[in-house]
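*Asks:* Once you've had a glance at the structure underneath, I'll fire off some questions.
The values are calculated or read from the model by the stated rules, or taken from the named source; none is laboratory data. Note that the coordinates shown come from a computational prediction; the quantities given were computed from them, not determined experimentally. In this analysis, Cβ positions are derived from the backbone assuming ideal geometry, glycine residues included, and neighbour counts consider all displayed protein chains.
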Amino acid sequence: MKRTRLFLFALLAVSLVRADEGLWLFNAIPEAQLASRHRFQPSKEFLDHLRLSSVRFGGGSGSFVSPNGLIFTNHHVASRCIQNVSSKEHNYMRDGFYAETPDQELKCPGLEVQVLLEIEDVTERVNKSVTAPPSDPKAAAQRQAAMNTIEKECMDRNGGACTVVTLYSGALYHLYRYKKYTDVRLVFAPEEAIAFFGGDPDNFTYPRFCLDITFLRAYEDGKPAATPNYLKWSKSGPREGELALVSGHPGSTDRFITLAQLEFLRDVSYPRTLRNLSAIIQALKEYGAKSEENHRVARDKLFGAENSYKVRDGELKGMREAWLMEAKRQSEEQFRAAAAANPRAREALGDAFEQVAAAYQKWRPRSAEYLLENGAILCDMFTYARHLYRLAEERAKPNAERLREYSDAALPSLELRLFAQTPVTPELEALMLQKWFELLSAELGAAHPVVRQILDGRTPADAAREYVSSSMLHDVGERKRLAADAAAVKSSEDGMIRLVRLIDPHARAIRKVFDEEFDPVIRDASSRIARARFTLYGTSVYPDATGSLRLSFGAVQGYRNAQGQPVRWATDFDGLYRRATGEDPYKLPAKWLERKSALKLKTPFNFVSTADIIGGNSGSPTVNTRGEVTGIVFDSNYEAMHNRFVYGMDRGERCVHVASSGIIEALRSVYGATRVLEELGFARTAK
């Protein structure tokens, strides 16, 4: 994997980033910072091995931990798989799962994992393809065509998966080439009661007591995949004060956005999202309370909604803190003053900040309409219908002209999800669709023409039930039939297809406004801001998170909480049992009560570090300087919620991990999971 000029920026920026701040590209590691702060200089071989051992999930992270395709990730990252292989008779979310023999491993429908093989800088090629002025709508189309073409050429040449990643708001474009595994099977998962011990009340807090882990296995040609790059397990576990390295796929951050962008998130976007999530959570709780089976089928959606709500709520509170907005304002003023004093930076920057502010002011009154394009994301049948309908239109276009999600490079992964044999519960689907209809009515107004067309005089609940009950898209065979026949999709009277056909012209129209009038202005202005930063001092050397592989690092270290009380670096099993009350969400599974005496109660269970993480890092392996697994990222504490916008560690901001030593102790003393233990390098007879 070749390195790029970014390494030079990393050297310049060492003194300008704060402590352990940074979501670093693997081809631009801050070697000087690691050496000066942590006395560690990773070799190219160390970094290559860590990169090739790291695994990308949709929305999460993981790692290979054996030469036979064994994957280590969080329970909450793998929960969709666990839910999908469960049934009314076998509730693996509630009861846990362990495959004692290889033939008992269960295939996860629709799950794909990827490993980053190579990074190539394609900035020059993308930029040369754009001949229109940067803010011209034609520029966005030309850029999209170039990215689609580059990805297709890469896939035709190498297979696997290829993605052009936009970095620094469009200042750089890198081509990421992945190896992918589409046959992934469940090996071990603990009960949800211990994986998510403390439930929503303890989520994003510390101290924590969670066994938030799952083991899966990648297969190729029906056999366990050969994975020579894998992470070995630490025999001693984490230690206070040592360096913790985190390799994962952080989803998105907003550290380098402008003050105008931050104000839009604070005043418009986040409040709208929280209103929607609150309504969904309440509806899912009421639905789940009706029966044990309802609770089971709704659990994954409820966890996701509650988790998202708590994240967004914490981030919004951060934006409403005077110190955060003042810090952002001062930072922006200092940067603009420095740029004004430097001819090259001044030329690059121009009126970029003013352009961003004007674009957001223009977009603000129309932003609610974008809900039509976002769709009913928690309604799987709506997602199927939209993909089927748009596939019929997009496939007819040349690859270069398609929407990014329907390019030739994107289609294999999309089709894997679209044709997966995943369970669908129509009643729950109708409820999720109803909540989306209610959101549209509230945000767009009941008189909005699209809302009136959707409801057609009915209540949101009645309309949702009719669309779902008159649809066959829960049947994978029907989805395959429609995907193979564009004419059949266009003439279909399937309820969900009818709904999408009604909405799609309006959704595409607002997307066109976004893609051609708003986004090009923001992209051009943001990339000019990034270029000005490069010219001055390279302080934005690590780009905002994009879901691409990054390296973070920090010290294993406790802190003082808001009350000034010391919080120890690690919890243990003794603390778990003292925290347990016997009532949800502090009720332990029966196995944990029965086998308490077998556990070494002072074994570290969860621990904290100063590593810089964000959503998407869940499941990231935590390794020491020898490259051994010492833990796995599963959360941050509430103090760190504002890290999306401003990294910090002085207010007690911490990343939360499950300790490798606690995992081994649980596998051995509670679960007797000898197959997994042996594969991790621990003898069967060890006690």
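*Asks:* Restricting to the range 117-126, name every residue that is buried (at least 16 other Cβ atoms within 10 Å of the Cβ) and either in a helix (DSSP H, G or I) or in the same structural domain as Phe518 (by TED's automatic domain parsing) (or both).
*Replies:* Thr123, Arg125, Val126, listed by residue number.
*Asks:* Would you check if Ala430 is in the same structural domain as Leu274 (by TED's automatic domain parsing), among the small types (Gly, Ala, Ser), under 30 Å from Pro271 (Cβ atoms) and under 27 Å from the mean Cα position of the chain (by Cα)?
*Replies:* So Ala430 passes the test.
Residues checked against (1) more than 21 Å from Thr425 (Cα to Cα); (2) touching a residue at least 24 places away in the same chain (Cβ under 8 Å); (3) touching a strand residue (DSSP E or B) at 6+ places or on another chain (Cβ under 6 Å):
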{"position": "Lys44", "(1), (2), (3)": "yes, no, no"}
{"position": "Asp48", "(1), (2), (3)": "yes, yes, no"}
{"position": "Ser54", "(1), (2), (3)": "yes, yes, yes"}
{"position": "Pro67", "(1), (2), (3)": "yes, yes, no"}
{"position": "Ser79", "(1), (2), (3)": "no, yes, no"}
{"position": "Ile82", "(1), (2), (3)": "no, yes, yes"}
{"position": "Lys88", "(1), (2), (3)": "no, yes, no"}
{"position": "Met93", "(1), (2), (3)": "no, yes, no"}
{"position": "Val113", "(1), (2), (3)": "yes, yes, yes"}
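*Asks:* I've got another one for you. Just to check your reading of the model, which residue among Gly627, Gly554, Gly558 is at pLDDT 95 or above, surrounded by 24 or more Cβ atoms within 10 Å (Cβ to Cβ) and not aromatic (Phe, Trp, Tyr)?
*Replies:* On the way: Gly627 fails: surrounded by 24 or more Cβ atoms within 10 Å (Cβ to Cβ); Gly558 fails: surrounded by 24 or more Cβ atoms within 10 Å (Cβ to Cβ).
Going through Gly627, Gly554, Gly558 in turn, just one is at pLDDT 95 or above, surrounded by 24 or more Cβ atoms within 10 Å (Cβ to Cβ) and not aromatic (Phe, Trp, Tyr): Gly554.
*Asks:* Related question: Looking at the range 577-627, which of its residues are among the hydrophobic types (A, V, I, L, M, F, W, C) and touching a strand residue (DSSP E or B) at 6+ places or on another chain (Cβ under 6 Å)?
*Replies:* The first filter runs over the range 577-627 and keeps only residues among the hydrophobic types (A, V, I, L, M, F, W, C), leaving 580, 588, 590, 592-593, 598-599, 601, 605, 607-608, 611, 613-614, 623.
Of everything in the range 577-627, those that are among the hydrophobic types (A, V, I, L, M, F, W, C) and touching a strand residue (DSSP E or B) at 6+ places or on another chain (Cβ under 6 Å) turn out to be Phe605, Phe607, Val608, Ala611, Ile613, Val623.
*Asks:* Then there's this: In the range 389-407, is there at least one residue being within 20 Å of the chain's Cα centre (by Cα), part of a helix (DSSP H, G or I), in the same structural domain as Tyr467 (by TED's automatic domain parsing) and under 17 Å from Arg508 (Cα atoms)? Spell out the reasoning first.
*Replies:* Going residue by residue through the range 389-407, those that are within 20 Å of the chain's Cα centre (by Cα) are 404-405.
When the remaining residues are screened for being part of a helix (DSSP H, G or I), the result is 404-405.
From what is left, the residues that are in the same structural domain as Tyr467 (by TED's automatic domain parsing) are 404-405.
Cutting the leftovers down to under 17 Å from Arg508 (Cα atoms) gives us 404-405.
The answer is yes, given that some residue of the range 389-407 is within 20 Å of the chain's Cα centre (by Cα), part of a helix (DSSP H, G or I), in the same structural domain as Tyr467 (by TED's automatic domain parsing) and under 17 Å from Arg508 (Cα atoms).
*Asks:* Being of a type outside the set (Asp, Glu), in contact with a strand residue (DSSP E or B) (Cβ under 8 Å, 6 or more places away or on another chain) and on the phi > 0 side of the Ramachandran plot narrows it down to one of Gly672, Gly681, so name that one.
*Replies:* Details: Gly672 fails: in contact with a strand residue (DSSP E or B) (Cβ under 8 Å, 6 or more places away or on another chain).
One residue alone meets the criteria, Gly681.
*Asks:* Please work out if Pro228 is surrounded by fewer than 18 Cβ atoms within 10 Å (Cβ to Cβ), at pLDDT 95 or above, part of a helix (DSSP H, G or I) and at negative phi.
*Replies:* Values: surrounded by fewer than 18 Cβ atoms within 10 Å (Cβ to Cβ): yes; at pLDDT 95 or above: yes; part of a helix (DSSP H, G or I): no; at negative phi: yes.
Here the answer is no, as Pro228 does not meet what is asked.
*Asks:* Could I ask something else about it? Going through Pro585, Pro621 one at a time, which residue ends up being surrounded by fewer than 22 Cβ atoms within 10 Å (Cβ to Cβ) and either in the same structural domain as Leu245 (by TED's automatic domain parsing) or not small (Gly, Ala, Ser) (or both)? It would help to see each step written out before you state the result.
*Replies:* Numbers: Pro621 fails: surrounded by fewer than 22 Cβ atoms within 10 Å (Cβ to Cβ).
None of the other options fit; the residue is Pro585.
*Asks:* Give Glu678, Glu665 a once-over and let me know the one that is assigned to a helix (DSSP H, G or I), touching a residue at least 24 places away in the same chain (Cβ under 8 Å) and of a type in the set (Asp, Glu). Walk me through it before giving the result.
*Replies:* Working: Glu678 fails: touching a residue at least 24 places away in the same chain (Cβ under 8 Å).
Just one listed residue meets the conditions, Glu665.
*Asks:* Same structure, new question: Across the range 620-641, what is the number of residues that are in a loop (DSSP other than H, G, I, E, B) and either touching a Leu at 6+ places or on another chain (Cβ under 9 Å) or more than 20 Å from Asp200 (Cβ to Cβ) (or both)? Full working, then the answer.
*Replies:* Taking the range 620-641 as the starting set, the residues that turn out to be in a loop (DSSP other than H, G, I, E, B) are 620, 624-628, 637.
Adding the requirement that they be either touching a Leu at 6+ places or on another chain (Cβ under 9 Å) or more than 20 Å from Asp200 (Cβ to Cβ) (or both) leaves 620, 624-628.
Matching residues across the range 620-641 total 6.
*Asks:* A further question on this structure: What pairs can you find where one residue is in the range 313-329 and touching a residue at least 40 places away in the same chain (Cβ under 8 Å), the other is loosely packed, with under 14 Cβ neighbours inside 10 Å and among the small types (Gly, Ala, Ser), and their Cβ atoms are less than 6 Å apart, with a gap of 6+ or different chains?
*Replies:* Cβ pairs passing all conditions: none.
*Asks:* Further question on the same structure: Look at the range 1-60 and say how many of its residues are modelled with pLDDT of 90 or more, among the small types (Gly, Ala, Ser), surrounded by 15 or more Cβ atoms within 10 Å (Cβ to Cβ) and outside any loop (DSSP other than H, G, I, E, B).
*Replies:* 3
Table: residues versus (1) part of a helix (DSSP H, G or I); (2) over 28 Å from Lys362 (Cα atoms); (3) assigned by TED's automatic domain parsing to the domain that holds Val608.
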position: Gly477; (1), (2), (3): yes, yes, no
position: Arg481; (1), (2), (3): yes, yes, no
position: Pro505; (1), (2), (3): yes, no, no
position: Lys512; (1), (2), (3): yes, no, no
position: Arg528; (1), (2), (3): yes, no, no
position: Gly547; (1), (2), (3): no, yes, yes
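*Asks:* Right, another one. With the structure loaded, tell me whether Ala348 is in the same structural domain as Ser469 (by TED's automatic domain parsing), part of a helix (DSSP H, G or I), more than 30 Å from Gly445 (Cβ to Cβ) and in contact (Cβ under 8 Å) with a residue 60 or more places away in the chain or whether it fails that test.
*Replies:* Details: in the same structural domain as Ser469 (by TED's automatic domain parsing): yes; part of a helix (DSSP H, G or I): yes; more than 30 Å from Gly445 (Cβ to Cβ): yes; in contact (Cβ under 8 Å) with a residue 60 or more places away in the chain: yes.
When the stated conditions are applied, Ala348 passes them.
*Asks:* Tell me yes or no: at least one residue of the range 571-579 is charged (D, E, K, R), under 30 Å from Glu21 (Cα atoms) and part of a loop (DSSP other than H, G, I, E, B). It would help to see each step written out before you state the result.
*Replies:* To start, the set of residues in the range 571-579 that are charged (D, E, K, R) comprises 572, 574, 578-579.
If we keep only those that are under 30 Å from Glu21 (Cα atoms) too, we end up with 572.
Next cut, part of a loop (DSSP other than H, G, I, E, B) only: none.
No: zero hits.
*Asks:* Among the numbered criteria (1) buried (at least 21 other Cβ atoms within 10 Å of the Cβ); (2) in a helix (DSSP H, G or I), which single criterion is violated by Ser471?
*Replies:* Only one criterion is unmet by Ser471, namely (2).
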